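Everything on this sheet refers to the single structure shown next.
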Amino acid sequence: MKFLVFLNTESGEQHWQGQADSLVEAEKKALAAIDAHSKTISDTSICCQWHWQYNPELGDTEHCDNCGHPVYSVGEEYYCSECAQRLRRAEVDGELYTHRHPV
């Protein structure tokens with residue numbers, strides 16, 4: 001699966017983007033890859049498929065095909081933090097999480 005991890009550091013927000021077999025592995029890779037003394041994970045998201053959905057306040061916005069929550073883009077890829085939270089709960093509970101569109 002492909003992940004995007006944002007970290008707060010003493011020099012500002014940085015991010016790591018890459019492949020991992022689990023959310024825990026992605027966050028470990030992110031922490032190891034960012035060269036900073038103080039670093040805290042602020043958000044983790046998983047790459048997802050998306051669709052347009054009408055929002056009365058904002059017009060058409062992008063939403064995750066898997067969970068329906070809003071997503072955000074980084075370049076040509078879209079990421080969902082809600083799916084990452086579901087993955088975290090599944091990993092903690094020892095369940096197998098099946099993301100509908102693994103990358």
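The values are calculated or read from the model by the stated rules, or taken from the named source; none is laboratory data. Because the structure is a prediction, the values reported are computed rather than measured. Note that each Cβ is placed from the backbone with ideal geometry, even for glycine, and that neighbours are counted across all protein chains shown. Ligands, DNA and RNA are excluded from the accessible area calculation, which covers all protein heavy atoms including side chains. Shrake-Rupley method; radii C 1.70, N 1.55, O 1.52, S 1.80 Å.
Quick notes
- Some residue of region 33-42 being in contact with a helix residue (DSSP H, G or I) (Cβ under 9 Å, 6 or more places away or on another chain) and under 12 Å from ALA84 (Cβ atoms): yes
- Leading residue by the ranking (most open to solvent (accessible area, probe 1.4 Å)) among those in region 42-72 that are small (Gly, Ala, Ser) and within 18 Å of the chain's Cα centre (by Cα): SER42
- Taking each residue of region 16-30 that is closer than 8 Å to PHE3 by Cβ and among the basic types (Lys, Arg) and looking for partners that are modelled with pLDDT of 95 or more and open to solvent by less than 20 Å² (accessible area, probe 1.4 Å) with beta-carbon atoms closer than 9 Å, six or more apart or interchain, yields nothing.
- Test: residue in region 34-41 that is touching a strand residue (DSSP E or B) at 6+ places or on another chain (Cβ under 8 Å), under 13 Å from LEU4 (Cα atoms), open to solvent by less than 60 Å² (accessible area, probe 1.4 Å) and part of a helix (DSSP H, G or I): no
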